[in-house]
2 protein chains.
Amino acid sequence: MAIKTVVFDAYGTLYDIQSVASVTDQAFPGHGDMITQIWRMKQLEYTWLRSLMRRYEDFQVVTRQSLIYTLRILGLRYEDALLEKIMDKYVHLDLYPDALPALTHLQGRKLAILSNGAPAMLTALVRNTGLDRLLDKTISVDGQKTFKPSPEAYSLIESELGTVPSEVLFVSSNPWDAIGAKAAGLNVAWIERVTPEVMAAACESSSLVAPLTMFKALRMQMDELGPAPDHRIQGLCDLAGLLPPIASA
Amino acid sequence: MAIKTVVFDAYGTLYDIQSVASVTDQAFPGHGDMITQIWRMKQLEYTWLRSLMRRYEDFQVVTRQSLIYTLRILGLRYEDALLEKIMDKYVHLDLYPDALPALTHLQGRKLAILSNGAPAMLTALVRNTGLDRLLDKTISVDGQKTFKPSPEAYSLIESELGTVPSEVLFVSSNPWDAIGAKAAGLNVAWIERVTPEVMAAACESSSLVAPLTMFKALRMQMDELGPAPDHRIQGLCDLAGLLPPIASA
């Protein structure tokens, strides 16, 4: 394949969503893991449900509402300032350690993000983490007022970058996102961050589990849902094996 | 309001989805709760994701694929016959104890089910549990080739029963379903099977949790997602308070 453009998912792929746990656990000691997992799971549920109901609100709204849900059902009380402090982590998420090396290696190709994130959230996050110097464009699904995996969301890659789907490699660690991108006609690399062996071992005694284990079981294993991604890789640095540097290509 | 028609969600509302645990635990001792919860959570995820991707397959397919996913990620091996035995529970789900008394009380009004279930699954389930004698109609979203909470799914109530939304009370214990129905213009009663107090108490020490607790935290508490249901009830028998018997009306 002649890949001219590499487009990355942001949350969970370049950025470690689990890094919010430092803030949630500081705010509510002992509850950090539970808050982190329920928050993330509801956040995505809300994007799917709002898209289906045709009641789009942007990812800033959805992220806040899912956090409010989480704190409420856990019976945790808070002031608005604390809520905003937790929310603020979303524009200061940790990059995965292999993100900068991988993006640096791929220089010469057109590089972009396609994310559920609202434009202002994404702009701040990319700037705060220095990715603005490595990316050609950051695309928000907000341009279509729907969330991934709607085909309309992925269509923004062609309309915003001018690259046809067959020349794009889309990279995501989110199984539903990888499948959605494949269903929309893109070439897709899925990052398998939790191997089946590790997953099964974590669930061996499953009468009580860590919330993070439930998250991994629900959202980090390849789904039985449709077209399989073209590539299954273990981390962002494996992209080097799929895409040789432009200079030597 | 002049409610002429009461339409029920099936899975989780009239039928106890948790009753599959008897079969899953017999098939895989010690894993019943984990299988039950992941299966159900993925099953609904798949309905939402397939609807969004416009890759509809019916609920029989989705239910089987989500079960296959669950057994695979837990590293559990099985023969096809065992898979079919577990699947068969879906046409023999337990009714909630208050389902028959509530439906009996409401006789005289038009009563129906609107469910994600595939037509053959629903027909068998309703017959096996005797609800065919109490219901005027069982409607499957398959008529629209999309799942709830798509507005098109709820539109089947009017097209199949000939009742306008303002004269319908839709009853569901699934928060996303109650909100979706409300967004589609129906009157809605949400059954709160797990009170906030019980929920918060179950999560008080949340470093390790039962899979069922995670399910309750993720799927049995009212969402922060849009229009609130008109009524919040504790069980099906509370419908009697909302809808007096036709004879005395």
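Note on A:64-72: average number of Cβ atoms from other chains within 10 Å of each residue's Cβ is 3. Within the protein assembly as shown, the proportion of C-alpha pairs whose separation exceeds 35 Å stands at 34%. Peptide B:141-150 has a mean of 2 when you count, residue by residue, the C-beta atoms of other protein chains within 10 Å of its C-beta. If exposed GluC sites (Glu not before Pro) are those in a DSSP loop with at most 10 other Cβ within 10 Å, what is the longest stretch of chain B that has none? Longest gap between qualifying sites, sites excluded: B:80-203.
The distance linking the range A:1-26 with the range A:187-249 is 13 Å (Cα centroid to Cα centroid, whole angstrom).
Convex hull volume of the Cα atoms of chain A, normalised per residue: 126 Å³.
Pick from A:Leu236, A:Leu161, A:Leu49: which residue has the top mean-square fluctuation in a GNM of chain A where Cα pairs under 10 Å get a spring? The residue with the greatest mean-square fluctuation here is A:Leu49. Whole-percent P(r), the range A:45-86, all Cα pairs, 10 Å bins from 0: 26, 48, 24, 2.
Spatially, the range B:83-155 and the range A:43-106 are offset by 36 Å when compared through their Cα centroids.
Scattering from the range B:112-249 was approximated by placing one identical point on each alpha carbon and applying the Debye formula without solvent; log10 I(q)/I(0) at 0.18 1/Å stands at -1.14. With 28 Å as the limit, the listed pairs A:Lys89/A:Lys145; A:Lys42/A:Lys85; A:Lys85/B:Lys148; A:Lys110/A:Lys216; B:Lys4/B:Lys89 have A:Lys85/B:Lys148; A:Lys110/A:Lys216; B:Lys4/B:Lys89 beyond it between alpha carbons.
Estimated at the nearest 10 Å², the accessible area of B:His31 is 30 Å² with a 1.4 Å probe.
Each copy carries B:Lys145; placing its label point 7 Å along the C-beta direction from Cα gives inter-copy distances of 2.6 nm, listed from smallest up. Every helix of 4 or more DSSP H residues in chain A counts as -39500 (n - 2.57), and over all residues that averages to -13000 deg cm²/dmol at 222 nm. As a ratio to 2.2 N^0.38 Å, the alpha-carbon radius of gyration for the range B:1-103 is 1.21.
Screening chain B for whole DSSP H helices with an alpha carbon extent of at least 18 angstrom along the helix axis and a mean Kyte-Doolittle hydropathy of at least -1.0 yields B:32-53, B:59-73.
Mean per-residue shielding of peptide B:48-59 is 6, counting Cβ atoms of other chains within 10 Å of each Cβ.
For B:Glu79, the distances from its label point to the matching points in the remaining copies are 6.5 nm, ordered from shortest, with each point set 7 Å beyond Cα toward Cβ.
The values are calculated or read from the model by the stated rules, or taken from the named source; none is laboratory data. Predicted, not measured: the structure shown is a model, and the values here were computed from it. Neighbour counts are summed over all protein chains in view; Cβ atoms, including those assigned to glycine, are modelled from backbone coordinates with ideal geometry. We work out accessible area using only protein heavy atoms, side chains counted, and drop any ligands, DNA or RNA first. Shrake-Rupley method; radii C 1.70, N 1.55, O 1.52, S 1.80 Å.
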